[in-house]
Amino acid sequence: MSSFLSEGVSDIRRTARGWRWGRRSQVPRSAEPYVLPAQQTVFPSDWSRKRPAIVVREVAQKGGLEPLFRSQVRTKVEGLDVLDRIEGPVIFAANHASHLDTPLVLLSLPDEWRRRTAVAAAADYFFDTWWRAVGSSLIFNTFPIDRRGGSMATTPGEVLADGWSLVIFPEGTRSKDGWVGTFRMGAAFLAHEYGVPVVPVAHRGTFAAMPRGQGWPSPGRRQLTIRFGEPLRPHEGESVREFAPRIKTAVATLLDEDSTTWWDARRRFAAGETPDPSGPKVAQWRRVWEQSESPVADGPGRRLRAWGRPTR
């Protein structure tokens with residue numbers, strides 16, 4: 001009896017391996033005609049900017065996200081006064097080093113700005129599954145940017161036209177070592193095309209608190225700092241290709257200011273000597289080591305080491 005069952009199971013497995021199951025073609029792949037891959041429409045996110053979702057997001061951000069975020073990290077915000085002199089929508093262009101960047105930017109904004117700000121997110125990461133797409137759209141008001149050339153359900157231009165400000169990370173992906181990568185021209189193009197200002201945003205400490213590959217902030221409530229700079233607009237006759245480097249330079253100047261002083265940073269900017277935000281050309285471990293130290297924490301003499309507990 002056992003032999004009969006064993007042979008029966010073996011026959012079923014053999015049949016399953018050879019059966020086409022409605023998918024496998026009998027024609028070899030090498031003999032099939034070439035067909036262009038079908039473009040798939042990226043997950044729609046318009047619903048996340050409707051009133052019901054806005055109400056739910058306000059409760060989720062203020063009642064859940066913000067208390068959780070503050071319990072894991074400490075933040076210091078500078079430069080918000082620039083928002084008092086402009087009206088939305090605007091494009092917030094920030095460096096990108098960690099998944100902490102998005103909540104840091106959003107929760108640093110005044111409530112009236114935060115409620116009308118959407119975040120451009122990679123479709124192949126945040127919108128690859130329905131639950132991640134729904135969660136990120138609802139909590140962070142994300143909309144997908146397809147880095148692989150698919151058909152967009154919502155475009156950044158449509159979001160701007162509806163009066164929403166945008167958070168864009170011009171690098172397109174998180175830094176692997178904490179230093180600033182190459183800026184793409186998306187933010188400059190949108191500002192040029194839709195006539196909205198770009199507010200440069202620079203932050204430090206997110207890589208040290210939760211680098212790429214880490215799923216939760218490091219213990220010890222690491223220090224994060226964030227600065228908002230003066231809004232930028234394209235000059236008369238300035239092309240997108242010429243405007244994009246100015247955005248990166250503005251972010252680099254804010255990073256320099258945050259690590260030194262406003263006066264020193266402005267002096268170096270005027271002399272064209274702003275430190276390169278892409279970092280020194282040294283071994284990878286040294287680049288990671290330097291970015292793994294948190295900015296100076298609030299309070300005299302209190303610093304966080306690259307690895308280990310806070311020291312006084």
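Quick notes
- Options 157, 135; residue that is at negative phi, of a type in the set (Gly, Ala, Ser), in contact (Cβ under 8 Å) with a residue 24 or more places away in the chain and assigned to a helix (DSSP H, G or I): 157
- Residue match in the range 301-311 (condition: part of a helix (DSSP H, G or I) and modelled with pLDDT under 95): no
To keep it simple, each residue is scored yes or no on (1) over 24 Å from residue 217 (Cα atoms); (2) over 22 Å from the mean Cα position of the chain (by Cα).
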residue	(1), (2)
253	yes, no
256	yes, no
261	yes, yes
280	yes, yes
288	no, no
291	no, no
295	no, no
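- For the range 218-239, the set of residues classified as buried (at least 21 other Cβ atoms within 10 Å of the Cβ) and either over 30 Å from residue 192 (Cα atoms) or out of contact with any strand residue (DSSP E or B) (no Cβ under 9 Å at 6 or more places or on another chain) (or both) consists of 222, 223, 224, listed by residue number.
- Some residue of the range 173-186 being of a type outside the set (A, V, I, L, M), in contact with a helix residue (DSSP H, G or I) (Cβ under 7 Å, 6 or more places away or on another chain) and part of a strand (DSSP E or B): no
- Residues (in contact (Cβ under 8 Å) with a residue 24 or more places away in the chain and in contact with a helix residue (DSSP H, G or I) (Cβ under 7 Å, 6 or more places away or on another chain)) located in the range 258-275: 274
- Residue match in the range 225-245 (condition: hydrophobic (A, V, I, L, M, F, W, C), within 19 Å of the chain's Cα centre (by Cα), closer than 22 Å to residue 70 by Cα and not in a helix (DSSP H, G or I)): yes
- Members of the range 259-284 that are among the acidic types (Asp, Glu) and within 20 Å of residue 245 (Cβ to Cβ): 273, 276
The values are calculated or read from the model by the stated rules, or taken from the named source; none is laboratory data. In this text, all values refer to a predicted model and were calculated from it rather than measured experimentally. Positions of Cβ are backbone-derived with ideal geometry, glycine not excepted, and every protein chain shown enters the neighbour counts.
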